[in-house]
Amino acid sequence: MAIYEAVLTTKWEDRMNIAPMGIRFVGSEAILLSVFKTSHTHDFLINTGVAVVNFVDNVEIIAKSVLGDEVFPWDPAEKVDGWVLRDAYMYFEVRSVDYKDIGSRGLFRMEILLKKTRRVPFLFNRASFAVIEGAIKVSRLGVYREEEIASFFRIFEPIVLKTGGEREMRAWNFLVSFLKKEGIL
Ligand SMILES: Cc1cc2nc3c(=O)[nH]c(=O)nc-3n(C[C@H](O)[C@H](O)[C@H](O)COP(=O)(O)O)c2cc1C
């Protein structure tokens, strides 16, 4: 089953959370989220059952949200108590209809209550994919070996420098600075 990368925004009382998450489609009206139990996203979903799935072409949002909870410009969601990223070219408002404990993760089946497309997405390039993959590596520091992470960043740096625009460069440099602080690069 294909996995597509999105940015999940959740809201629990007055707290907002943002994190990149993979989604899998179940037909056209539901998705599956496989969420680490240690994440805020898992807590928020257990407590509220609702979220907004934001599809972004601005990979800076993916890089920054994997490491923190910077609040990007947003609008209130319509069908759920949630927030929609203004930069999302498309988004779904979703509600949990089933939950399975699958070990280190919880598997949420979410029904899609609302789908909105706001604009045609901008093009993805090699730098965009490098940032997404780099953000995954950064989110799994304990899983990948440090040398593997460092080598990924060394191999892809020239590709980002060659093909990236300002947003991709900022996103990449953000991840690189974090890894330098951690002593991995
Ligand atoms: C592209 C991408 C996809 C990700 N997909 C998932 C996922 O499907 N499930 C998950 O639990 N974490 C996933 N992560 C990692 C989370 O985004 C990361 O652990 C994040 O820090 C969780 O934030 P939170 O504690 O605010 O929820 C992904 C990260 C990236 C960069």
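Please treat every number below as a calculation from the coordinates, not as lab data. Bear in mind the structure is a predicted one, so any value in this text is a computation, not a measurement. Cβ atoms come from the backbone with ideal geometry, glycine included; neighbour counts cover every protein chain shown.
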Rel. contact order, % - alpha carbon contacts under 8 angstrom, at least six apart, segment 70-114: 30
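Taking square-rooted eigenvalues a ≥ b ≥ c of the alpha carbon gyration tensor, is segment 45-97 rounded, prolate or oblate, where a/c under 1.5 means rounded and, failing that, a/b exceeding b/c means prolate?
Details: a/c = 1.96, a/b = 1.49, b/c = 1.32.
Prolate, since a/c reaches 1.5 and a/b exceeds b/c.
Would you work out if segment 1-147 is rounded, prolate or oblate? Take a ≥ b ≥ c from the square roots of the eigenvalues of the alpha-carbon gyration tensor; rounded if a/c is under 1.5, else prolate when a/b is larger than b/c, oblate otherwise.
Working: a/c = 1.40, a/b = 1.10, b/c = 1.27.
Rounded.
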Using alpha-carbon positions, what is the distance between the centroids of segment 1-65 and segment 111-185, in Å? 18
Phi-derived 3J(HN,Hα) across segment 162-171 with the Karplus relation (6.51, -1.76, 1.60, θ = phi - 60°), rounded Hz, x for Gly and Pro, is 6, 10, x, x, 4, 5, 5, 5, 4, 4
Determine the sum of side-chain charges near LEU107: Lys and Arg each +1, Asp and Glu each -1, restricted to other residues whose C-beta is under 12 angstrom from that of LEU107. +3
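Nothing charged except the Cβ atoms of Lys and Arg (+1) and of Asp and Glu (-1): what's the magnitude of the dipole of segment 62-185 about its Cα centre? Round to the nearest 20 debye. Could the numbers behind the result be given before it?
Numbers: 21 positive and 18 negative charges, 61 e Å.
Dipole about the Cα centre, nearest 20: 300 debye.
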Would you mind counting up the charge near GLU78? Only other residues with Cβ under 11 Å from its Cβ, with Lys and Arg at +1 and Asp and Glu at -1. -1
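My understanding is that a pair violates if its Cα-Cα distance is over 21 Å; which of LYS37/LYS181; LYS11/LYS64; LYS137/LYS181; LYS11/LYS116; LYS37/LYS115 do that in this structure?
Table pairs above 21 Å Cα-Cα are LYS37/LYS181; LYS37/LYS115.
Relative contact order for the chain using alpha-carbon pairs under 8 Å, separation at least 6, rounded to a whole percent?
20
Please state the relative contact order of segment 126-181 as a whole percent: Cα pairs under 8 Å, 6+ residues apart? List each step's numbers first, then the result.
Numbers: 32 pairs, mean separation 29.0, N = 56.
52 percent.
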